[in-house]
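Down below is the structure, laid out as structure tokens.
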Amino acid sequence: MTAGVTAMAGSPRSNAVPSSRREAWARQFRQGVRRAMRNPSTLAGALIVGLLVVTAVTAPLLATHDPMAQDLGARLRPPSAVHWFGTDQLGRDIYSRLLYGSQPTLMIVALVIALAAPFGVAVGLIAGYFGGWAETLLMRVTDIVMAFPRLILALALVAVLKPGLINAIIAIAVTAWPPYARLARAETLALRHSEFVEAARGLGMPSSKIITGQILPLCLSSVSIRATLDMAGIILTAAGLGFLGLGAQPPMAEWGAMIAAGRDHIFDAWWVAAVPGLAILAVSLGFNLLGDGLRDVLDPKHHD
Amino acid sequence: MIEPTPIPPLLDVEGLTVTFPAAEGRLPVVRDFALTMGREKIGIVGESGSGKSITARSILGLVRPPGQVTARRMQLGGTDLTSLTPKGWRDIRGKQVGMILQDPKFSLNPVKRIGGQIEETLRLHDSIGRRERRRRALETLHAVGIDDPERVYRAFPHELSGGMGQRAMIAAMLVSSPDLLIADEPTSALDVIVREQVLRLLDHLVSQRGLGLILISHDLPMVARFCDRILVMYHGRVVEQVRASELHAANHPYTRGLLDCLPKAGSRGCMLPTLSRDAAWEQA
């Protein structure tokens, strides 16, 4: 009997009323994390993305060789105790290059999202809120950009701008914003006639403030889900540009370019192309899994 | 002796007409609405679609295109509303006229704290410091009968009940002390007991602060209890204007019809009469 009472008193975690707002918030956050982590695929996604970030930051510490150092006497060595993932056609250590290659990958993803998402969302908010000719104009432009195959448009842009990492980022960002515009417009259309927007207007709030203060905060969760799911596609596009020699320029270690270099030796030295290829696969998968998991946590309509 | 200059009425509207485009030309939704009011309580009643809400919205300039508002005269405390720029409208809204909407569940932004939403009005219209804004917001929350203003100030709309939410909404409208309050069915979404409380609160605040109130509703007896004057609208037209105390003596057939439709203790077990409409009412 005593044991039963103790057990009840000892498990206040799930049912007790939170004593402060901060505690309630922290508990909700923990619950969200727990809900996300209960799903093994989300957990796997988070681990892969986390590993990518850690790798990018600590690459100089983890690397066993200088990623640029050539050793022509040790070309195309298979994986061994010295070179864990073998060496490429110039005798560079693939393991070290793989670690350093996570840096441009992460940079491309972060910068493309930072450029494309705010721009797309701004276009969508303006189109959705004002309607009329502004909407027609903006959304038709969005449709036109969207109608281009993404990689082809990025290719053309890089070709015009001259190959390089920064130009690749710009090119991908230019092709990546339309989905955000559509998403933000759809959300805005649903919200612009809602009563609280009407009430805000009734208080004398100017349109600019209604858009940024009332509508934007409600778009953010779906935009961040979209962004996470988008990252996989961005990595693939970036790798594609790198493969074609239009992204990061040699001797910089970049996964797409590393695959391109391994292409000539694919039958006699498979590891040169396979290792960065697997890295791209794993990271894209990680972002997709994480995005799916985030949607389950952030989107109330998806709860079970 | 110098004749004192007459104080302009708070709101003076004449010949207000709102039209919307339809297949057969422009369809009038409000026709030739006229109202001159001081700091008193006006009730506007009528069935759904009779133009009550649109009338209220046109006073705030919130009729969206393609709706078109025209008026021979529309003045608010001496300001001519017919020739206002968008900026002029924004200065009027919230500062001079506040509007309370039907359902607090939808009229408060779900992702912003109550305090922030109340302060928004002050931020828009008065240049006062953060601390002062907070003080005024808490004070107004207290004035609308919230015992625990600190908690509500920090709460999100979903953490409040319907009645609390509507009080918060009223606080947001009152905080910059407007002269005229328009309440568009402020209690329809609330249950009966809370409805009574909110109405009494509204009544108290309006009398205490000397505001003008336009209360829109389809609940005729409720309006009769709280307002000084009642305007009955039918098909976009005011068919009758009576003092609330003389509602029982109303003589327009539509008003009588509305009154007769209400169930009473004495009519228990009998069929209630239904409105038989008369095309002549629209011309009246």
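Taken together, the residues in the range B:92-115 that are assigned to a helix (DSSP H, G or I), within 11 Å of chain A (Cβ to nearest Cβ) and surrounded by 17 or more Cβ atoms within 10 Å (Cβ to Cβ) amount to 4. Among the conditions (1) without any contact (Cβ under 8 Å) to a residue 40 or more places away in the chain; (2) more than 10 Å from chain B (Cβ to nearest Cβ); (3) assigned to a helix (DSSP H, G or I); (4) not charged (D, E, K, R), A:Phe267 misses just one, which is (3). Taking the range A:124-223 and the helices (runs of 4 or more DSSP H) fully enclosed by it, the elements with 2 or more residues that are away from chain B (no Cβ under 14 Å) are at A:132-147, A:150-161, A:165-176, A:178-192. Among residues belonging to the range B:20-60 that are in a strand (DSSP E or B) and over 19 Å from B:Arg72 (Cα atoms), point out the one that is modelled with the lowest pLDDT. Only one residue fits best here, namely B:Gly25.
Within the range B:180-199, the set of residues being farther than 20 Å from B:Pro157 by Cβ and within 14 Å of another protein chain (Cβ to nearest Cβ) comprises B:Leu180, B:Leu181, B:Ile182. The single condition from (1) closer than 27 Å to A:Pro78 by Cβ; (2) touching a residue at least 60 places away in the same chain (Cβ under 8 Å); (3) buried (at least 23 other Cβ atoms within 10 Å of the Cβ) that A:Gly247 fails is (1).
From A:Ala168, A:Ala199, grab the single residue that is crowded, with 23+ Cβ neighbours inside 10 Å, out of contact with any Pro (no Cβ under 8 Å at 6 or more places or on another chain), touching a residue at least 40 places away in the same chain (Cβ under 8 Å) and small (Gly, Ala, Ser).
Values: A:Ala199 fails: touching a residue at least 40 places away in the same chain (Cβ under 8 Å).
Going through A:Ala168, A:Ala199 in turn, the sole match is A:Ala168.
Please indicate, with yes or no, whether at least one residue in the range B:75-91 is at the interface with chain A (Cβ under 8 Å from one of its Cβ atoms) and buried (at least 24 other Cβ atoms within 10 Å of the Cβ). No, every residue in the range B:75-91 fails to be at the interface with chain A (Cβ under 8 Å from one of its Cβ atoms) and buried (at least 24 other Cβ atoms within 10 Å of the Cβ).
Out of all the residues in the range A:75-111, which are part of a helix (DSSP H, G or I) and either surrounded by fewer than 16 Cβ atoms within 10 Å (Cβ to Cβ) or among the basic types (Lys, Arg) (or both)? Walk me through how you get there before you give the answer.
The first filter runs over the range A:75-111 and keeps only residues part of a helix (DSSP H, G or I), leaving A:94-111.
Within the range A:75-111, A:Arg97, A:Ala110 qualify.
Looking across the range B:249-273, the residues that are within 23 Å of the chain's Cα centre (by Cα) and either part of a helix (DSSP H, G or I) or free of Cβ contacts under 8 Å to residues at least 12 places away in the same chain (or both) come down to B:Tyr254, B:Thr255, B:Leu258, B:Leu259.
Regarding the range A:136-143, can at least one residue be identified that is out of contact with any helix residue (DSSP H, G or I) (no Cβ under 6 Å at 6 or more places or on another chain) and basic (Lys, Arg)?
Residues of the range A:136-143 out of contact with any helix residue (DSSP H, G or I) (no Cβ under 6 Å at 6 or more places or on another chain): A:136-137, A:140-141, A:143.
Checking the rest, the ones that are also basic (Lys, Arg) come to A:140.
Within the range A:136-143 (the criterion being out of contact with any helix residue (DSSP H, G or I) (no Cβ under 6 Å at 6 or more places or on another chain) and basic (Lys, Arg)), the answer is yes, since at least one residue qualifies.
Here B:Val69, B:Val63 are screened, and the one residue that is more than 10 Å from every other protein chain (Cβ to nearest Cβ), of a type outside the set (Lys, Arg) and in a strand (DSSP E or B) is B:Val69.
Applying the set (1) surrounded by 13 or more Cβ atoms within 10 Å (Cβ to Cβ); (2) in contact with a Lys or Arg (Cβ under 7 Å, 6 or more places away or on another chain) to A:Ala69 leaves exactly one unmet item: (1).
Scan the range B:116-139 residue by residue and report those that are among the polar types (S, T, N, Q) and either modelled with pLDDT of 90 or more or surrounded by 14 or more Cβ atoms within 10 Å (Cβ to Cβ) (or both).
Of all residues in the range B:116-139, those among the polar types (S, T, N, Q) come to B:117, B:121, B:127.
B:Gln117, B:Thr121 - these are the residues of the range B:116-139 that are among the polar types (S, T, N, Q) and either modelled with pLDDT of 90 or more or surrounded by 14 or more Cβ atoms within 10 Å (Cβ to Cβ) (or both).
Inspect the range A:51-63 for any residue being of a type in the set (A, V, I, L, M, F, W, C) and under 16 Å from A:Leu278 (Cα atoms) and give the result as yes or no. Scanning the range A:51-63, I find at least one residue that is of a type in the set (A, V, I, L, M, F, W, C) and under 16 Å from A:Leu278 (Cα atoms), so the answer is yes. Quick check on B:Arg154: is it touching a residue at least 24 places away in the same chain (Cβ under 8 Å), away from every other protein chain (no Cβ under 14 Å), basic (Lys, Arg) and in contact with a helix residue (DSSP H, G or I) (Cβ under 7 Å, 6 or more places away or on another chain)? In short, no.
The values are calculated or read from the model by the stated rules, or taken from the named source; none is laboratory data. No experiment lies behind these values; they were computed from the predicted model shown. Glycine also receives a Cβ, built like all others from the backbone with ideal geometry; neighbour counts cover every protein chain displayed.
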